[in-house]
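One structure is given here, and the rest of the page talks about it.
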Amino acid sequence: MRLRETAFAKINLALHIRARREDGYHDIETLFAFVDKGDVLTARTAEQDAVTTLGAFARELDNPFDNLVAKALSALPRPDGLAVTLEKNLPVAAGLGGGSADAGAIFRMVRDAYGLPDDWRARAARLGADVPACVDSSSSLGKGTGTQIEPVEDDMVGTAVLLVNPGVPMSTVKAYGAWDGTDDGPLIGKSTSEIAGRNGNSFERIATERLGVEPVVETLRLLSETKPFLHRLSGSGATCFALYRKIGERDEAADFIKRRRPEWWQISGALR
Ligand SMILES: C[C@@](CO)(OP(=O)(O)O)[C@H](O)COP(=O)(O)OP(=O)(O)OC[C@H]1O[C@@H](n2ccc(N)nc2=O)[C@H](O)[C@@H]1O
Ligand SMILES: Nc1ncnc2c1ncn2[C@@H]1O[C@H](COP(=O)(O)OP(=O)(O)O)[C@@H](O)[C@H]1O
């Protein structure tokens, strides 16, 4: 049996940090969305589970036992082993939930080939706060630590999106740790476009003001020059996204960023 899945890049169209919890995590409200591009996972049945990595960002995944692909395989009982090849196209520690998306892709592979255990949501949440949302990889609201998933009226499918990362890894732990305790309040609005338009990302203030990450400031400034209808930091950064009404506008923006900052990572796609 040969299986193939894309691990779709996650973005947070909006994210409000609400409170620091006793367990060190934070209660948040976030609007998850997914881009139709990402890592690519292929798998074949084998005697034992195995993970091989290749692709532009494979070198940054030093310890294979730490890999969320291996952890997701261990979390899901099956009659056969799976030998997985992970093509790591998404930058690591970039606010795109790359590791969570990879784990989500493994859940979909196992779901389609063998079915998932009834408690798969709890198993996904144990792997990481973003993993439950990444299993379906369609727009949803995340509450609690991000693992309580609620459906949302999605009127943004197909929206042209540009992702830009200026090449500075951002630690999620450090970014949450720099939160100043200001509750940004509940997310306002009903549909994805309304929620994205009327709320922000608490991490944008943390990255640009508290941590003073200049490359993020510059990314947001350059993206604003391309006149998107929305641009924002994703998750804890440093990837920023910009949304355009037309594919041509997105492609012009991509060219503009490439000319100004040829060394930055970028990818063009659409919301799924
Ligand atoms: C900020 C977000 C927004 O979607 O994404 P990224 O920027 O990482 O992509 C998420 O909340 C990240 O989710 P994820 O990266 O899966 O987090 P986990 O592996 O569970 O946790 C990593 C660490 O982040 C902190 N953490 C995570 C989630 C949360 N609600 N509160 C936290 O304080 C904790 O210190 C935890 O030890
Ligand atoms: N398959 C994977 N892809 C990316 N990162 C992974 C993976 N497995 C484990 N990790 C670890 O997870 C951490 C967070 O990576 P990632 O999910 O890319 O970032 P973020 O949480 O900012 O979206 C990194 O420190 C990385 O070493």
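Coordinate-derived values only; no laboratory data. Being a predicted model, the structure only gives us computed values, none of them experimental. Note that we place each Cβ from the backbone using ideal geometry, even for glycine, and neighbour counts take in every protein chain shown.
With a Förster radius of 41 Å applied to the C-beta separation of ARG2 and ARG245, the computed FRET efficiency comes to 0.55.
Computed from backbone phi, the HN-Hα couplings of the range 37-43 come to 9, x, 6, 10, 10, 10, 8 Hz, rounded to whole numbers (Karplus: 6.51 cos²θ - 1.76 cosθ + 1.60, θ = phi - 60°; Gly and Pro given as x). Over all distinct Cα-Cα pairs of the range 160-270, the Kirkwood formula returns a hydrodynamic radius of 14.5 Å. For the range 243-257, 3J(HN,Hα) computed residue by residue from phi via the Karplus equation (6.51, -1.76, 1.60; θ = phi - 60°) reads 10, 10, 6, 10, 4, x, 5, 4, 5, 5, 4, 4, 5, 4, 5 Hz, glycine and proline entered as x.
Counting other Cβ atoms within 10 Å as a rough exposure proxy, the listed residues LYS174, LYS88, LYS71 run LYS174, LYS71, LYS88 from fewest neighbours to most.
Taking the Cβ-Cβ separation of ARG111 and PHE229 as r and a Förster radius of 30 Å, what is the calculated FRET efficiency to the nearest 0.05? Display every interim value, and only then the final one.
Details: r = 35 Å, r/R0 = 1.16.
Efficiency, rounded to the nearest 0.05: 0.30.
Scaling against 2.2 N^0.38 Å puts the C-alpha radius of gyration of the chain at 0.97.
Per the Debye calculation on the range 2-150 with a single equal scatterer at every Cα and no solvent contribution, log₁₀ I(q)/I(0) for q = 0.09, 0.15 Å⁻¹ amounts to -0.26, -0.72.
Each part reduced to its alpha carbon centroid, the range 22-65 and the range 75-121 end up 7 Å apart. Taking amide H atoms as placed 1.01 Å from N in the peptide plane, the amide H of HIS26 lies under 5 Å from those of ARG21, each 5 or more residues away in sequence or on another chain.
Taking 0.36 nm per residue of sequence separation and subtracting the Cα-Cα distance, how much length would be gained by fully extending the chain between GLU60 and ALA83, in nm to one decimal? Display every interim value, and only then the final one.
Numbers: separation 23, 0.36 × 23 = 8.28 nm, distance 2.04 nm.
Full extension from GLU60 to ALA83 adds 6.2 nm.
Between GLN148 and THR52, the modelled label-to-label distance comes to 4.4 nm, taking each label 7 Å out from Cα in the direction of the beta carbon. Normalising the Debye intensity of the range 205-254 to I(0), with uniform scatterers on Cα atoms only, and taking log10 at q = 0.14 Å⁻¹ returns -0.34.
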